[in-house]
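Trainee: Okay, here's the structure, questions in a sec.
Values in this text are rule-based calculations from the coordinates and carry no lab data. Given the structure is predicted, the values throughout are model-derived calculations rather than measurements. With ideal geometry, Cβ positions are generated from the backbone for all residues, glycine too; neighbour counts draw on all protein chains shown.
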Amino acid sequence: MEAEMKTIRVSEATYQAIADLAGFSFRSTGTREDDGNWLVPISDELWDRLQQARLPGERDDDTLMRLIRSSRGDKPS
């Protein structure tokens with residue numbers, strides 16, 4: 001039996017930031033919802049890394065945007 005892939009929910013802004021960081025090799029695997037958010041399947045390894053980086057009370061979107069801002073050298077908000 002194949003394990004179900006984990007899925008995260010992110011905003012349009014976060015999805016675009018991920019695409020921008022990926023550059024020309026970005027291949028969308030997400031599904032846009034009617035409310036503008038994205039459901040994105042991720043590997044178990046990435047899921048585990050996201051859980052390790054998560055601060056108390058953060059959603060997937062919050063954690064990813066914090067990590068993206070940090071990788072770009074932006075100040076925390």
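Trainee: How would you order 30-41, 15-26 from highest to lowest mean count of nearby Cβ atoms within 10 Å?
Mentor: On the way: 30-41: 13.3, 15-26: 11.8.
Highest-to-lowest ranking by the protection proxy: 30-41, 15-26.
Trainee: Report the relative contact order of segment 6-72, percent, no decimals, based on alpha-carbon pairs under 8 angstrom and at least 6 residues apart. Each step should come with its number before you reach the end.
Mentor: Values: 60 pairs, mean separation 27.4, N = 67.
Computed value for segment 6-72: 41 percent relative contact order.
Trainee: While we're on this one: Roughly how many nanometres apart are two label points built 7 Å out from the Cα toward the Cβ at PHE26 and TRP47?
Mentor: 2.4 nm
Trainee: Could you tell me whether segment 6-72 comes out rounded, prolate or oblate from its Cα gyration tensor? Rule is a ≥ b ≥ c as square roots of the eigenvalues, rounded for a/c under 1.5, then prolate if a/b exceeds b/c, otherwise oblate.
Mentor: It is rounded, given that a/c, with a ≥ b ≥ c, falls under 1.5.
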